[in-house]
Amino acid sequence: MARIRAIDERRLTWVLLAVAMCISATWLMIAGKDLTLSGDEIFYYACFVDDHGSVAPGSGLEYFLAPHNGHLVVLGKLIYRFLFLTVGTDYTVFRAVEVAGVLTCSGLFFVLARRRVGPWAALIPSVLLLFLGYAGESLLWPFNLHTILALAFGLGALLTLERNDRRGDLATSVLLALSVATVELGLAFVVGVALSVLRRADRRRRVWIFAVPLALFAIWWLWAQRFGQTSFELANVRLIPIGIANSLAAVTGSIFGVNPTGADVSTNLTTVTPWGAALAALAVVGLAFRLSKGKVPEGLWISLAVILTYWAMIAMAGRPPDSARYIFVGTVMVLLTAAASLWGVRPTRTLLIAAACIVALAIPPNIAKFYDSRSSTVTDAENTKTEYAMLELARSEVDPGYLPGDDPEIDALGGHVFIPLSAGDYLRAADEFGSLAFSLDRIRDLDLGLRSIADSTLVGALDLELDRSEPPADPSTCPVSRDGRPGRSVFFFLSPGGALFGSLTRRPLHMTVGRFGIGGPGVPLGHLDPDEWAELSIPTDAAPDRWWVTVDGPVSVCPPVSGG
């Protein structure tokens with residue numbers, strides 16, 4: 001009877017976890033529907049390799065093996081290249097891969113925790129992982145599939161290690177190699193598995209389990225030194241103690257939902273708070289008490305080795321321990337450590353209810369933090385799509401070296417993206433893998449701020465400016481606008497090709513130009529000095545939208561001399 005009840009509990013908890021996974025996956029996919037490639041993903045899109053600070057497109061096996069910010073990310077590059085070649089730049093698919101990885105990690109954690117504390121105690125934190133908004137980068141940004149997949153492979157390695165047979169050992173070694181090949185988080189799992197193997201009497205015949213993936217990484221690391229990149233600084237050893245302490249505080253604060261949220265809080269950091277630090281201190285006291293009782297389960301030593309190694313590597317890299325990108329792994333391993341410390345203990349119904357209440361109270365602030373992160377990510381995506389749409393429109397005229405991210409007019413409008421591409425690199429990648437740009441119809445429907453960014457990008461891409469010119473043969477035949485004055489510029493559309501302007505006042509005239517941002521201030525063109533003539537020549541393109549200018553004084557407007 002007890003066996004039947006146990007089977008029913010196991011099935012029921014799996015069903016409940018599956019329901020939570022479906023809700024989480026639906027939520028995450030809907031939340032990310034407006035995003036596009038951004039940040040480090042741009043390096044993959046353009047196939048860039050950083051060789052001693054010189055960034056250029058790479059190819060062949062060297063591109064896949066070349067480090068990215070010092071990291072071995074060969075599996076991530078392979079996944080991105082496969083997706084580029086099969087679905088182009090359909091970001092929904094990229095996000096689906098990331099979300100599937102998150103669900104997999106939650107499921108693997110559930111299996112591991114269930115073996116330690118039973119199905120109900122394992123289910124509650126597994127659900128929290130599916131809505132862990134403080135780890136927003138891991139839930140929202142596909143580039144974090146490196147960390148998520150490395151975690152999944154690592155958790156899988158811990159599971160197969162528990163088989164204690166030849167097939168399990170082989171699977172463990174392969175999974176460790178895959179984890180290491182995805183990102184160096186895998187090295188933390190190598191340390192955990194090594195600790196387990198070396199504690200056993202048969203360690204000599206099983207040392208290959210962790211030695212093979214470690215040797216493969218060492219070979220790659222020696223080869224990768226040629227690129228002059230590094231992910232660790234020896235001088236940062238001194239940061240390890242405080243880094244571990246702050247990492248634990250950030251994670252415990254996220255688990256209990258006490259870390260801050262809101263517009264005034266960094267979207268990329270969880271922030272180390274007094275509440276988080278107090279909870280971390282309680283966790284350390286509880287762990288010390290458990291270790292003092294003796295008969296420590298092997299799984300507890302493994303989990304501790306993994307998480308401490310991971311946090312030490314973050315400190316060695318000089319990265320902020322409360323960065324959102326590190327919270328998911330930290331939370332999984334802290335919860336797994338907690339489960340291992342309770343190995344064999346079946347919590348009472350009262351304790352389970354209390355844990356469920358904690359998770360229920362923690363999820364709302366986690367979701368709030370998630371949307372804090374999402375807002376900045378959506379803004380970056382909109383800027384990216386807007387700027388690249390203008391590069392495509394100006395394809396036949398733009399200088400390949402033009403970089404929107406370096407244009408002060410775009411930056412002043414908030415259009416700067418984290419890792420921009422030059423026009424030439426973007427257009428090359430777009431031809432190979434597909435466009436990242438908004439359609440022109442979508443550009444026309446954007447808010448004024450984004451349409452102003454579009455105009456600034458297009459003006460920069462076309463290098464539009466007033467060129468000093470001789471007056472026309474008969475200026476009296478040109479239309480005249482006399483309504484402009486300081487503080488009240490007049491607006492008028494231009495004929496195709498541009499115009500020749502002549503000042504009709506004794507003070508400098510200030511002019512702006514635009515195309516899609518009607519109602520906005522326009523892009524500054526400079527000024528016309530008194531009695532001066534200057535030409536604005538605008539190339540024609542496929543878009544029917546008319547150019548317009550504003551001017552704050554009397555001006556003659558003639559047909560351009562050079563044409564469009």
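The values are calculated or read from the model by the stated rules, or taken from the named source; none is laboratory data. Here the structure is a predicted model, which is why all the values come from computation and not from measurement. Ideal geometry is used to build each Cβ from the backbone, glycine not excepted, and the neighbour counts take in all protein chains shown.
Overview of results
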| item | result |
| --- | --- |
| Flag for residue 452 being loosely packed, with under 15 Cβ neighbours inside 10 Å, in a helix (DSSP H, G or I) and among the polar types (S, T, N, Q) | no |
| Answer residue from the stretch 387-439, given it is β-branched (Val, Ile, Thr) and in contact with a Ser or Thr (Cβ under 7 Å, 6 or more places away or on another chain) and is nearest to residue 41 (Cα to Cα) among those | 417 |
| Check on residue 548, farther than 22 Å from residue 413 by Cβ and of a type in the set (Phe, Trp, Tyr) | no |
| Within the stretch 1-86, helices (runs of 4 or more DSSP H) holding 3 or more residues that are closer than 30 Å to residue 446 by Cα | 2-31, 41-45 |
| Filtered residues of the stretch 50-73 (kept if closer than 24 Å to residue 185 by Cα, among the aliphatic types (A, V, I, L, M) and surrounded by fewer than 21 Cβ atoms within 10 Å (Cβ to Cβ)) | 61, 65 |
| Cβ-Cβ under 8 Å pairs, at least 6 apart or on other chains, the stretch 213-234 side more than 30 Å from residue 169 (Cβ to Cβ), far side basic (Lys, Arg) and loosely packed, with under 12 Cβ neighbours inside 10 Å | none |
| Residue that is surrounded by the fewest Cβ atoms within 10 Å (Cβ to Cβ), among those in the stretch 303-358 that are out of contact with any Asp or Glu (no Cβ under 6 Å at 6 or more places or on another chain) and of a type in the set (Lys, Arg) | 349 |
| Among (1) surrounded by fewer than 18 Cβ atoms within 10 Å (Cβ to Cβ); (2) touching a strand residue (DSSP E or B) at 6+ places or on another chain (Cβ under 9 Å) - the single one residue 227 does not satisfy | (1) |
| Failed condition for residue 208, given (1) more than 30 Å from residue 265 (Cβ to Cβ); (2) buried (at least 16 other Cβ atoms within 10 Å of the Cβ); (3) touching a residue at least 24 places away in the same chain (Cβ under 8 Å) | (2) |
| Criterion violated by residue 382 - all others in (1) in contact with a Leu (Cβ under 9 Å, 6 or more places away or on another chain); (2) modelled with pLDDT of 95 or more satisfied | (2) |
